[in-house]
Structures are given as C-alpha cells and as structure tokens.
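Undergrad: The structure follows.
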Amino acid sequence: SSGQMKSEVLIHLMHDMLERLSEDAGGTWTDRLTRYLKSDDGNLEAYIRVWREAQVIAGSDEDVKTAYLEVMKVWNDRTVHLIGHACESGEARVSDSCEETAWRLSSFVCGLDGSCALGLISIADAHRYIDRMVRFELNII
C-alpha cells in the first residue's frame with residue numbers, strides 16, 4: 001500500500017538522520033545532548049521536512065503513524081542515553097528519571113519545531129529556549 005511504502009521511506013530516512021546526529025562526539029555529554037535536540041546541522045533540512053510531513057500524514061494513515069511512533073521512540077531513547085551519560089559523568093542530575101526528563105525535552109522540542117514551522121519564533125530563539133530547558137532539566141542553572 002501507499003502508506004506502507006511511505007512508512008518504510010520514513011523509517012529509513014529518519015534512521016539515517018538520527019545516525020548523522022549520533023555521530024557528533026565532540027564536547028561534554030550535555031553539549032552533545034543540546035546539539036542533538038537542536039538537530040543543528042544545516043544538512044538535515046530535508047529530513048526535518050519529511051518529519052513534519054509525516055506528522056500530518058500520521059493522523060490519517062495507520063502505517064505512517066506506526067512508523068512515526070517507532071522513529072520518535074528511537075529519537076527519545078537516544079535522548080535518554082545522552083542524559084544518562086551526562087548524569088554518570090557528574091555534569092548533570094535529573095529530578096526524577098532520565099526517561100521522564102527525555103520525554104519532557106522531546107515534547108518541548110517538538111512544540112518548538114511546530115512554532116518555528118509556523119513562523120511564530122525563529123530558529124535562533126528556539127535554540128536559546130532549548131539551551132535554557134536543557135540546563136533547567138539537568139539542574140545546571
């Protein structure tokens with residue numbers, strides 16, 4: 001089906017994007033987490049467009065919704081991993097769990113992405129907000 005083909009393409013593209021983001025090994029764990037959440041690589045714009053389109057299609061196509069949720073879980077698992085390393089290294093600490101913190105950060109970033117896509121805030125503002133929220137969530141303020 002068309003939805004199944006779209007979902008396979010989504011999974012492939014998003015795993016490729018996540019792999020690119022995961023290759024960033026410079027700086028502290030908190031720096032890596034922040035860059036990961038910002039998806040701050042100019043070469044990722046095409047991936048971001050596909051991600052946004054998948055959000056819309058997921059509302060009416062079960063195959064795409066399943067694929068979208070799978071990719072979102074992988075993205076969030078990587079966020080948990082980065083938070084865990086930041087805590088283990090002593091650079092950060094969370095108030096509840098790495099998983100809960102990751103979901104809050106993921107939800108925050110998704111909301112910012114929608115605001116950027118609608119032109120309500122700039123990318124520069126979104127990046128400042130992400131910096132602040134990471135410091136807040138990881139008790140670095």
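The values are calculated or read from the model by the stated rules, or taken from the named source; none is laboratory data. These figures come from a predicted structure and were not determined experimentally. Cβ atoms come from the backbone with ideal geometry, glycine included; neighbour counts cover every protein chain shown. Side chains included, ligands, DNA and RNA excluded: accessible areas come from the protein's heavy atoms. Shrake-Rupley method; radii C 1.70, N 1.55, O 1.52, S 1.80 Å.
Undergrad: Return the calculated 222 nm mean residue ellipticity for the chain, to the nearest 500 deg cm²/dmol, obtained by summing -39500 (n - 2.57) across DSSP H runs with n ≥ 4 and dividing by the residue count.
TA: Helices in the chain give a 222 nm mean residue ellipticity of -25500 deg cm²/dmol.
Undergrad: Enter the angle in degrees (range 0 to 90, nearest 10) between the Cα long axis of helix 98-117 and the first principal axis of the Cα atoms of the chain, meaning the one along which they spread out most.
TA: 60
Undergrad: Heavy-atom accessible area per residue, the stretch 36-141, 1.4 Å probe: how many Å²?
TA: 55
Undergrad: Which residues in the stretch 94-110 place their backbone N less than 20 Å from a point set 7 Å from the Cα of Asp131 along the Cα-to-Cβ direction?
TA: Counting only backbone N, you get 105-106, 108-110.
Undergrad: Could you tell me which of Ile121, Ile48, Cys98 has its Cα farthest along the dipole of the chain towards the positive end, charges placed at Cβ (Lys, Arg +1; Asp, Glu -1), taken about the Cα centre?
TA: Positive-end residue among those listed: Ile121.
Undergrad: To the nearest 20 Debye, how big is the dipole of the stretch 99-140 about its Cα centre, given +1 on the beta carbon of each Lys and Arg and -1 on that of each Asp and Glu?
TA: 140
Undergrad: So, one more: Leaving out ligands, DNA and RNA, and with a 1.4 Å probe, what % of the accessible surface on the chain is carbon or sulfur?
TA: 53
Undergrad: Could you tell me how many cubic angstrom of Cα convex hull volume the chain has per residue?
TA: Each residue corresponds to 105 Å³ of Cα convex hull volume.
Undergrad: Here is a further query. Between Rg and the Kirkwood Rh of the stretch 34-115, both from Cα atoms, what is the Rg to Rh ratio?
TA: A ratio of 1.01.
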